[in-house]
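A.B. asks: Pasting a structure below so you can have a look.
The values are calculated or read from the model by the stated rules, or taken from the named source; none is laboratory data. Quantities reported herein were computed from a predicted structural model and do not represent experimental measurements. Glycine also receives a Cβ, built like all others from the backbone with ideal geometry; neighbour counts cover every protein chain displayed. Note: areas computed on protein heavy atoms with side chains; ligands, DNA, RNA excluded. Shrake-Rupley method; radii C 1.70, N 1.55, O 1.52, S 1.80 Å.
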Amino acid sequence: MGKWSIYIPDGVQDLLPEQCGNKRKIESIIRNHLTAENYLEIETPTIEFYDVYDSEAAFMPQETMYKFFDKEGRILVLRPDFTVPVARITATRFRESDFPCRLFYIGNTFRYDEMGGGKMNEFTQAGVEFLGEKNAKADAEVVAQAIYCLKKAGLPEFQIDIGQVEFFKGIMEEAGFSQTDAEEARALIDRKNYPGLEELVSKHDMDENIRCIMLDIPKLFGSVSMLEKLSDKKLNKKSLSAISNLKKIFEILSDNGLSQYVSLDLGMVSSLNYYTGMIFKGFTHGIGYPVLSGGRYDRLVGSFGKDCPATGFSIGVNMLLTALEKYPGSDTVTEMEAK
Amino acid sequence: MRYLTVALAKGRLAELSLDLFSGIGYDVEEMRIGSRKLIFFDELRKIKYFLAKPADVPTYVDYGAADIGIVGRDTILEEGRYFYEVLDLGFGNCRMVLAGPEEYAGKMDSVAISRVATKYPGIAREYFHRKRRESVEIIPLSGSVELAPLVGLSEVIVDIVESGRTLKENGLVVLDVIADISARLIVNRVSMKMENERITEIVEGFKGMLKSKSQAECGKSDNQ
């Protein structure tokens, strides 16, 4: 018997019947809901070529991926996400007539030291990709689907924060920041590091108007009415159209009775090379990380050879389960029985 | 109403952190009486406080086990965890520096470093990688880092410096300043959104106190 035969590697877990049952229930609820909403399920291979993820548009640091080789010595990876393979398929297997296209997936992804997975290296993602439409209506639709999935799974309290990366990019342009400075500003704003941001801004020459806005960005979170604070500021086309996109998204969500679940955060600025518009994250009590994340990423499918706008999200199913365990007597079982 | 949880760093920052809370009218007196209890409750405001090793405060906040934490920026930079760093509390001031023997002073551009001893391997690595663009061997130590160059373990050290006396007494000098360090208020990113009102009350309260404190100090120096 080998030395490690009774153990399992770091970052993976065995799901015994009770936990496994609960997880399957959640996955069924999500699958049933999305199918009823006319999303089509898709499955991509667990093993992909490393090259698929090795691009700026895909933004996956190589040290986070499980890598190995095939018979010809080519580098393979265990898929660290689904969005990139779905983009690969969209560019190579779909025809014009197939768009707009609503897809969903549920399956396991693999990453070293994934903080958001709660230190899990293998975790299940359930997500949606809405391809072929570049407008606020599509953006609002995917946010709504995220809300419905969390509600149907029985999560009693959660909040979805929505931001827009083009707003920040527009401000960086106006401030004349170099790539390096913009990256520094981005990291400080994303962490709401007010002291650090003040220090950075004081070192640079810029329009007083833009300076004020930049210092304010991390505070621009809360009710969508905060956007009104910007109405008297001089913003460039990029930032203005970002705000207009956000306003429309909130309007549509409000028309659908979903305002109570959503909130604004213009200071949410991660993965700028990946996202090209709306960006959103879902939070709930009991978990220190977002339980879902998503946004618009119009450049990804194009990197595989065919331009196509896209927006979507993915839910961390393991985290959702952990969050649900903290609420005794959640609705999960009754939802299933109702079906 | 949910308990708001506050993680405080044991040691020199603890008293001053408690002063901030009592300064805004929060009752923390129970924590000042040396006791073995690990967690303290303010039932009136529904707040839980606990003291942890400084290096662990970012961990509690990162995981959401604490909503707010007070800890030095040296620990924040070293731990590299994800949370919001919202306020510079203006105490616990010191500097993170590169230090070494006097002979190295002024010659840093021409000298080649091969070994650096430090309590802060993450910070040291980042400094050598980004600023000096050098590949060096980082030797992690737990304390009394000034010993390293004196006994030939390393050429230089990365350490925090307050008055500079310890360095001077050991024949070492500051060769470069890496960062200014002070106590910071950090907030878990989910808590910031979901407990926004209560957290903002604390942040704004602290801000007000810091402002009036610095105004008082300016007033003092004007009168001198």
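A.B. asks: Output the number of residues of the stretch A:52-72 satisfying the condition of being in contact (Cβ under 8 Å) with a residue 60 or more places away in the chain and among the polar types (S, T, N, Q).
C.D. replies: 1
A.B. asks: Tell me, which helices (runs of 4 or more DSSP H) lie completely within the stretch A:73-191 with 3 or more residues that are surrounded by 21 or more Cβ atoms within 10 Å (Cβ to Cβ), over 19 Å from the mean Cα position of the chain (by Cα) and touching a residue at least 12 places away in the same chain (Cβ under 8 Å)? I'd like the intermediate steps shown before the answer.
C.D. replies: Values: elements: A:83-93, A:136-153, A:165-175, A:179-190.
Result: A:165-175.
A.B. asks: Would you check which residues across the stretch A:223-252 are modelled with pLDDT of 85 or more, under 16 Å from A:LYS169 (Cβ atoms) and open to solvent by less than 50 Å² (accessible area, probe 1.4 Å) and list them?
C.D. replies: A:LEU235, A:ASN236, A:SER239, A:ALA242, A:ILE243, A:ASN245, A:LEU246
A.B. asks: Of all the residues that make up the stretch B:48-88, how many are in contact (Cβ under 8 Å) with a residue 60 or more places away in the chain, more than 10 Å from chain A (Cβ to nearest Cβ) and under 14 Å from the mean Cα position of the chain (by Cα)?
C.D. replies: The total comes to 9.
A.B. asks: With respect to B:GLY100, determine if the residue is among the small types (Gly, Ala, Ser), in contact (Cβ under 8 Å) with a residue 40 or more places away in the chain and either part of a helix (DSSP H, G or I) or within 14 Å of another protein chain (Cβ to nearest Cβ) (or both).
C.D. replies: Taking the combined requirement at face value, the residue does not satisfy it.
Listed here are the residues, each with its yes/no results for (1) under 30 Å from B:ASP67 (Cβ atoms); (2) in contact with a helix residue (DSSP H, G or I) (Cβ under 7 Å, 6 or more places away or on another chain).
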site: B:SER135; (1), (2): no, no
site: B:PRO140; (1), (2): no, yes
site: B:VAL173; (1), (2): no, yes
site: B:THR200; (1), (2): yes, no
site: B:LYS207; (1), (2): yes, no
site: B:LEU210; (1), (2): yes, no
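A.B. asks: Name the strands (runs of 3 or more DSSP E) wholly within the stretch B:123-224 that hold at least 3 residues that are among the hydrophobic types (A, V, I, L, M, F, W, C), surrounded by 13 or more Cβ atoms within 10 Å (Cβ to Cβ) and within 14 Å of another protein chain (Cβ to nearest Cβ)?
C.D. replies: In the stretch B:123-224, the matching strands (runs of 3 or more DSSP E) lie at B:183-187.
A.B. asks: Can you spot a residue in the stretch A:263-285 that is away from chain B (no Cβ under 14 Å), at pLDDT 90 or above and open to solvent by 10 Å² or more (accessible area, probe 1.4 Å)?
C.D. replies: Yes, there is a match, as at least one residue in the stretch A:263-285 is away from chain B (no Cβ under 14 Å), at pLDDT 90 or above and open to solvent by 10 Å² or more (accessible area, probe 1.4 Å).
A.B. asks: If I filter the stretch A:150-186 down to residues being of a type outside the set (Asp, Glu) and within 11 Å of chain B (Cβ to nearest Cβ), which single residue comes out as nearest to A:ILE249 (Cα to Cα)? Please lay out each step first, then the result.
C.D. replies: Keep residues of the stretch A:150-186 that are of a type outside the set (Asp, Glu), which gives A:150-156, A:158-160, A:162-165, A:167-172, A:175-180, A:182, A:185-186.
So of that shortlist, the ones also within 11 Å of chain B (Cβ to nearest Cβ) come out as A:158-160, A:180.
Numbers: A:PHE158: 19, A:GLN159: 16, A:ILE160: 13, A:THR180: 31 Å.
Among those residues, the one meeting the criterion is A:ILE160.
A.B. asks: Which ones in the stretch B:79-97 are farther than 21 Å from B:ILE138 by Cα and not in a loop (DSSP other than H, G, I, E, B)? Break it down stepwise before answering.
C.D. replies: Step one: filter the stretch B:79-97 for residues farther than 21 Å from B:ILE138 by Cα, giving B:82-94.
B:TYR84, B:GLU85, B:VAL86, B:LEU87, B:ASP88, B:CYS94, listed by residue number.
A.B. asks: Here is a list of conditions, (1) out of contact with any helix residue (DSSP H, G or I) (no Cβ under 8 Å at 6 or more places or on another chain); (2) of a type in the set (S, T, N, Q); (3) surrounded by 17 or more Cβ atoms within 10 Å (Cβ to Cβ), and B:THR118 meets all of them except one; can you say which number that is?
C.D. replies: (1) is the only condition that B:THR118 fails.
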